[in-house]
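Below: the structure, in structure tokens.
The values are calculated or read from the model by the stated rules, or taken from the named source; none is laboratory data. The structure displayed is predicted, hence computed values, not measured ones. Cβ atoms come from the backbone with ideal geometry, glycine included; neighbour counts cover every protein chain shown.
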Amino acid sequence: MWVMLQTVDPNIPKYQDRLSVPGMMIRPKTDALEITYNVSNTEVWESYVKMLNNFLGAYNNSKQVAANEFCRPGQYNEQPDNGVLNIPKRACQFNRTMLGDCSGLNDTSYGYRDGRPCVLVKMNRVINFYAGANKTMNISCFPKKKKTPLDDLIKEEDAQKLGEMAMFPANGNIDLMYFPYYGKKVQVSNMAWSILEIN
């Protein structure tokens, strides 16, 4: 197996799923899909803050400037080989400051201290995936609706408690310049943040 893996191009990830559409993940990562905490119980939400700080380290502006390029927004970052290997491919900067109030730079508790937590929606990377039809990709978040009366997983009162949300980058948009993903090791995942306000 080791000998076979040595024949694989080092600039292309060795292990790939055959996905055509990326999946989404949320952060902070918890055992369940629900993020619950009490503002007065700092031990719980401080663990969330620590997870977010660790995750966002790669998005610090200084690291992004050193490892990636400034790209022109509004167009795909295509890097064809044109018969000659164009390696390594370049990745566009995704700076932490783009995450506004959820960057953790101004509010180091990511809103957890005030009961307005930031939740990250991260898009998994899929090699050669192009966002749809030359339009900026948009992530939106809504409370999940009940599909059937038997759907006990969704509590109606939970959906009613969810108040206004703010998205970062603006409107949850992920620019075309972050597509396609070529497998560059320093390229971070695209993401959007939501500030959740509880009624």
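So here's what we get for this one:
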{"quantity": "Among (1) surrounded by 14 or more Cβ atoms within 10 Å (Cβ to Cβ); (2) at pLDDT 80 or above, the one test that Ile139 misses", "calculated": "(2)"}
{"quantity": "Boolean, Asn41 is out of contact with any strand residue (DSSP E or B) (no Cβ under 9 Å at 6 or more places or on another chain) and either free of Cβ contacts under 8 Å to residues at least 24 places away in the same chain or of a type in the set (D, E, K, R) (or both)", "calculated": "yes"}
{"quantity": "Enumeration of residues in the range 56-65 that are modelled with pLDDT of 90 or more and not hydroxyl-bearing (Ser, Thr, Tyr)", "calculated": "Leu56, Gly57, Asn60, Asn61, Lys63, Gln64, Val65"}
{"quantity": "Extreme residue, surrounded by the most Cβ atoms within 10 Å (Cβ to Cβ), among residues of the range 42-93 that are within 22 Å of Met137 (Cβ to Cβ) and among the small types (Gly, Ala, Ser)", "calculated": "Ala91"}
{"quantity": "Unmet requirement for Pro22, which otherwise passes all of (1) touching a strand residue (DSSP E or B) at 6+ places or on another chain (Cβ under 7 Å); (2) modelled with pLDDT of 75 or more; (3) within 28 Å of Tyr130 (Cβ to Cβ); (4) assigned to a loop (DSSP other than H, G, I, E, B)", "calculated": "(2)"}
{"quantity": "Scope the range 74-93; condition under 26 Å from the mean Cα position of the chain (by Cα) and free of Cβ contacts under 8 Å to residues at least 24 places away in the same chain; matching residues", "calculated": "Pro80"}
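For every residue, the table says whether it meets (1) hydroxyl-bearing (Ser, Thr, Tyr); (2) in a loop (DSSP other than H, G, I, E, B); (3) under 24 Å from Val126 (Cβ atoms).
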{"site": "Ile26", "(1), (2), (3)": "no, no, yes"}
{"site": "Val39", "(1), (2), (3)": "no, yes, no"}
{"site": "Lys50", "(1), (2), (3)": "no, no, no"}
{"site": "Lys63", "(1), (2), (3)": "no, no, yes"}
